[in-house]
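Notes follow once the structure below has been shown.
The values are calculated or read from the model by the stated rules, or taken from the named source; none is laboratory data. All of these numbers come straight from a predicted model, not from anything done at the bench. FYI the Cβ positions are ideal-geometry reconstructions off the backbone, even for glycines, and counts take in every protein chain you see.
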Amino acid sequence: MLLSGFHVCAAGWMAKGRVGYPIVKPGPNCGFGKTGIIDYGIRLNRSEKWDAYCYNPHAKECGGVFTEPKRIFKSPGFPNEYDDNQVCYWHIRLKYGQRIHLRFLNFDLEDDPGCLSDYVEIYDSYDDVHGFVGRYCGDELPEDFFSTGNVMTLKFLSDASVTAGGFQIMYVAVDPVSKSSQGKNSSTTSTGNKNFLAGRFSHL
Amino acid sequence: PTGCLLSFSRTVDGTTFTSSIKEKTVARALYAQARAKDKLAGLVRSSALDMENFQTEVNILPGAKVQFELHYQEAKWRKLGSYEHRLHLQPGRLARHLEVDVWIIEPQGIRFVHVPDTFEGHFDGVPVISKGHQKAHISFRPTVAQQRKCSKCSETAVDGELVVMYDVHREKKAGELEVFNGYFVHFFAPENLHPIPKNILFVIDVSGSMWGVKMKQTVEAMKTILDDLREEDQFSVVDFNQNVRTWKNDLVSATKTQTADAKKYIEKIHPSGGTNINEALLRAIFILNEANNLGLLDPNSVSLIILVSDGDPTVGELKLSNIQKNVKQNIQDNVSLFSLGMGFDVDYDFLKRLSNENRGIAQRIYGNQDTASQLKKFYNQVSTPLLRNVQFNYPHSSVTDVTQNSFHNYFGGSEIVVAGKFDPDKLEKIQSIITATSANTELVLETLAQMDDLEDFLSKDKHADPDFTRKLWAYLTINQLLAERSLAPTAAAKKKITRSILQMSLDHHIVTPLTAMVIENNAGDERMLADSPPPDQSCCSGALYYGSKVAPGSIPSWANPSPAPLVPMRAEGAQVLESTPPPHVMR
């Protein structure tokens, strides 16, 4: 139920004997105008008839929406090789004002010129349309990346043949810096243009 | 612009920089060399919202003159009955001379030219259109006073797109075959045919995340879409969150009463819950398959599934590759699946793969107040199937390298484009035979074209590019190779295709994912590099069709074309044959 966008106007059993339902968009008919999990609390009578909620964050093979300040995510099956025909989207959404520091821990994708086969793409934005940062493949660790805002989108695609070891990526929230040290930090992004060409593909 | 970059040049105080296409690694090496010597200015290209941006920086002395020339080529896909040329105009300030000229040269003759108002009436009457038979010119030259946002403002009102729409005459049903210098392009967009009845299933995501504007706009669009169904059409609506519901469990004729009932059903939807895409698509496929097995579908009809979703699966089968497999295993091979991805955080590449491998395309719908009209516009593109099983044949053996030439459907308002090569020494003219099934008959459309006419016509105009047949052929072929590559079963097959793409990019001077453009001055001591954006893995972005290839000489036996005449014939004399199939043809 942590998934953003999960909105159900029907109360159901949750973990530990509680009953409630998730509301994303507030409305008068459901959730009393509040958002989040509308919790009826622990029910004493366990034979009451409600719907049931179960959320298994590991059921999805890859992708998801992350809001925690720090996390490691992996290619499907890692440390085993990923499969053919994979599509994974990761959306990182941190608190307003925070930035995202992305670091590749392991990286091994099918190598080819232009990264036409299997690749990871980073977008410095809410979606995979704006803010294209780079496309990566091969086995060279891509450089660290700092977002300009509090959101980032990553996607991993593999084609119909040839797989490789996969990857592990870590991100850490960077809290807003005080004015005195800002000059130092902002240089990371302003050099973006120069890194752009070099950082775009695995091959130089 | 969208499309392929062909060349870039700039002149700074008399020094000209010109461009060349190099294999990416070579280009990078040249660029690195220049960078090491600190002699470069970067040209960066990036992609956003289906659009490619070019940026260039240059340091100049005060009073110096700088001239930039950017040549690019873009395939225009006919949509909803017209071609559209969009020019982004964002000068950022008032400009003393701001002149935009658009020349249109069309051998077939221009039917209309229209410049819609895209600046909220500010430039009413400023674009001047002059239209002749085969040529048109649009001139947009706002004065400084006209550019001002208000009479005393210093901001410019030129901040948006200038759009030019036009279409050409199409007298010949067999399409226009344009031939030049060993390459031909076949434009096929017949009109005045009876629509083929369609069996259509709307599969609508009503999960919680659709709540609000998205759902409201979807309902609004669906109401007009249902109104537009023809009585011969059969339809139903599947809506899903974690559960799958249907308006009717079977396909129903689109009578006024039925569509009115379906509209009421859709209006009552309250989005909530998870997203079970797998189950919803399998249900839609099941309804179509059942109807087909029971013989309830008109044998001459077209079956479509239209999926509208804004999210990735959260309930049921979550593995995207498994959903793809399930759909592919169950769907019959005459059904086309179109997907509309609503909003920005949809797993769009998944929808794209899902549609492309099931004879359809996906489109992103940018969720806002405009959603309803975007949905309606997409639907209109596939609402009028006019032909099925369209196959393009070029029986002469010296015709080679034909692009995709077999298509499941042809929809009214669009256009199919096929290109190929031929040996001009062996062939004075090109014969084409198109076979297709229309609403009431099997069609055989023949045409003949020779090259002289076009060459003559195009060479007389400085704005025309007589070589466009070759470039369009190369562009289509590279796009199709990229699509083939993503399905290649082995590393070796991929390598082979990669080599072909690279060779073609170098031969035809096109920036592709494997090449880059090096821009340097005559002395070679100042360099820039232009990269291509990541490619759209699906074929021919912007095109409605996902075709396949068949041997270009493989004409169905019943088509029985006339033998290629030995005496050269003029293209104007092309004959159009329509025939009913002989009895041995299965229908």
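Name the residues in the range B:224-240 that are surrounded by 19 or more Cβ atoms within 10 Å (Cβ to Cβ), among the charged types (D, E, K, R) and in contact with a helix residue (DSSP H, G or I) (Cβ under 9 Å, 6 or more places away or on another chain), would you?
Initial filter on the range B:224-240 (surrounded by 19 or more Cβ atoms within 10 Å (Cβ to Cβ)): B:225-226, B:229, B:233-240.
Those left that are additionally among the charged types (D, E, K, R): B:233, B:239.
Within the range B:224-240, just B:Asp239 meets the criteria.
The combined condition, being touching a His at 6+ places or on another chain (Cβ under 9 Å) and at pLDDT 90 or above, is fulfilled by B:Val302. If the condition is being touching a Pro at 6+ places or on another chain (Cβ under 6 Å) and surrounded by fewer than 22 Cβ atoms within 10 Å (Cβ to Cβ), then the range A:76-109 contributes A:Gly97, A:Phe104. In the set (1) part of a loop (DSSP other than H, G, I, E, B); (2) closer than 24 Å to B:Ala491 by Cβ; (3) polar (S, T, N, Q), A:Asn106 fails one condition alone, (1). Here is the figure for the range B:401-416: residues that are part of a strand (DSSP E or B) and under 21 Å from B:Lys377 (Cβ atoms) total 4.
If you go through the range B:58-78 one residue at a time, how many are of a type outside the set (Phe, Trp, Tyr) and in a loop (DSSP other than H, G, I, E, B)?
Applying the first criterion (of a type outside the set (Phe, Trp, Tyr)) to the range B:58-78 yields B:58-67, B:69-71, B:73-76, B:78.
Subsequent filtering for residues that are in a loop (DSSP other than H, G, I, E, B) retains B:58-65, B:74-76, B:78.
Matching residues across the range B:58-78 total 12.
Take the range B:15-30 and flag every residue that is under 19 Å from B:Ala523 (Cα atoms), surrounded by fewer than 21 Cβ atoms within 10 Å (Cβ to Cβ), within 14 Å of chain A (Cβ to nearest Cβ) and not basic (Lys, Arg). Result: B:Val26, B:Ala29, B:Leu30. Here's a check for you: in the range A:150-166, which residue that is more than 11 Å from chain B (Cβ to nearest Cβ) and not small (Gly, Ala, Ser) is surrounded by the most Cβ atoms within 10 Å (Cβ to Cβ)? Ranking the candidates gives A:Met152 first. If you check A:Ser147, A:Ser117 for being buried (at least 16 other Cβ atoms within 10 Å of the Cβ) and at pLDDT 95 or above, only one passes: A:Ser147. Residues in the range B:298-343 that are surrounded by fewer than 20 Cβ atoms within 10 Å (Cβ to Cβ), of a type in the set (D, E, K, R) and either over 18 Å from B:Leu201 (Cα atoms) or away from every other protein chain (no Cβ under 12 Å) (or both): B:Asp298, B:Glu317, B:Lys319, B:Lys325, B:Asp333. Scanning the range B:221-261 for residues that are within 23 Å of B:Ile196 (Cβ to Cβ) and assigned to a loop (DSSP other than H, G, I, E, B) gives B:Asp228, B:Leu229, B:Arg230, B:Glu231, B:Glu232, B:Asp233, B:Lys248, B:Asp250, B:Leu251, B:Ala254, B:Thr255. From the list B:Val144, B:Val128, B:Val206, B:Val219, the one residue that fits, being surrounded by fewer than 20 Cβ atoms within 10 Å (Cβ to Cβ), closer than 23 Å to B:Gln258 by Cα and of a type in the set (A, V, I, L, M), is B:Val219.
So which residues in the range B:314-346 are part of a helix (DSSP H, G or I) and either free of Cβ contacts under 8 Å to residues at least 40 places away in the same chain or of a type in the set (Gly, Ala, Ser) (or both)? Across the range B:314-346, the qualifying residues are B:Leu320, B:Ser321, B:Gln324, B:Lys325, B:Lys328, B:Gln329.
What do you reckon, is B:Lys264 part of a helix (DSSP H, G or I) and basic (Lys, Arg)? Yes, satisfied.
Let me confirm something: among B:Asn522, B:Asn479, which residue is at pLDDT below 80 and more than 12 Å from chain A (Cβ to nearest Cβ)? First the steps, then the outcome.
Values: B:Asn479 fails: at pLDDT below 80.
Of the residues listed, the single one that is at pLDDT below 80 and more than 12 Å from chain A (Cβ to nearest Cβ) is B:Asn522.
Annotation: of all residues in the range B:347-378 being away from chain A (no Cβ under 14 Å), of a type in the set (S, T, N, Q) and part of a helix (DSSP H, G or I), the one that is surrounded by the fewest Cβ atoms within 10 Å (Cβ to Cβ) is B:Ser373.
Take B:Asn292 and tell me if it is in contact with a strand residue (DSSP E or B) (Cβ under 9 Å, 6 or more places away or on another chain), surrounded by fewer than 20 Cβ atoms within 10 Å (Cβ to Cβ), part of a loop (DSSP other than H, G, I, E, B) and more than 14 Å from chain A (Cβ to nearest Cβ). So B:Asn292 fails the test.
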